[in-house]
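> Dropping the structure in here first, questions after.
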Amino acid sequence: MANDRLLRIGEVIERTGLARVTIHRLRKKGEFPEPLRAGGRAVRWRESEIQGWMDSLSRANKPAAAA
């Protein structure tokens, strides 16, 4: 996405409420968006991917509609 903000780890932690170690564990399991390499050891996450991940959790936790 052209106007997608790139988030630092601190911003990702703040938005998700997850600890740094939890983010890395979820990444290793393929359950969290992968960051982009920003040079050296710096990494950034696309804001849209973090929001999409959070939205998917919300959908997964909603009860099914009664038939």
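> Quick check: is even one residue across region 4-27 touching a helix residue (DSSP H, G or I) at 6+ places or on another chain (Cβ under 7 Å) and open to solvent by 100 Å² or more (accessible area, probe 1.4 Å)?
Yes, some residue in region 4-27 is touching a helix residue (DSSP H, G or I) at 6+ places or on another chain (Cβ under 7 Å) and open to solvent by 100 Å² or more (accessible area, probe 1.4 Å).
> Sticking with this structure for a sec: Could you count how many residues in region 28-67 are under 18 Å from residue 4 (Cβ atoms) and either of a type in the set (A, V, I, L, M) or touching a helix residue (DSSP H, G or I) at 6+ places or on another chain (Cβ under 6 Å) (or both)?
Adding up the residues that qualify gives 9.
> What number of residues within region 56-67 satisfy the criterion of being more than 15 Å from residue 17 (Cβ to Cβ) and either outside any loop (DSSP other than H, G, I, E, B) or open to solvent by less than 60 Å² (accessible area, probe 1.4 Å) (or both)?
Of the residues in region 56-67, 3 are more than 15 Å from residue 17 (Cβ to Cβ) and either outside any loop (DSSP other than H, G, I, E, B) or open to solvent by less than 60 Å² (accessible area, probe 1.4 Å) (or both).
> What are the residues in region 28-41 that are open to solvent by less than 80 Å² (accessible area, probe 1.4 Å) and not in a loop (DSSP other than H, G, I, E, B), if any?
Within region 28-41, 36, 38, 39 meet the criteria.
The values are calculated or read from the model by the stated rules, or taken from the named source; none is laboratory data. Since we're looking at a predicted model, the values are computed, not measured. Cβ sites come from the backbone with ideal geometry, for glycine too, and all protein chains shown count toward neighbours. Just so you know, the surface numbers come from the protein's heavy atoms only, side chains and all, with ligands and any DNA or RNA stripped out. Shrake-Rupley method; radii C 1.70, N 1.55, O 1.52, S 1.80 Å.
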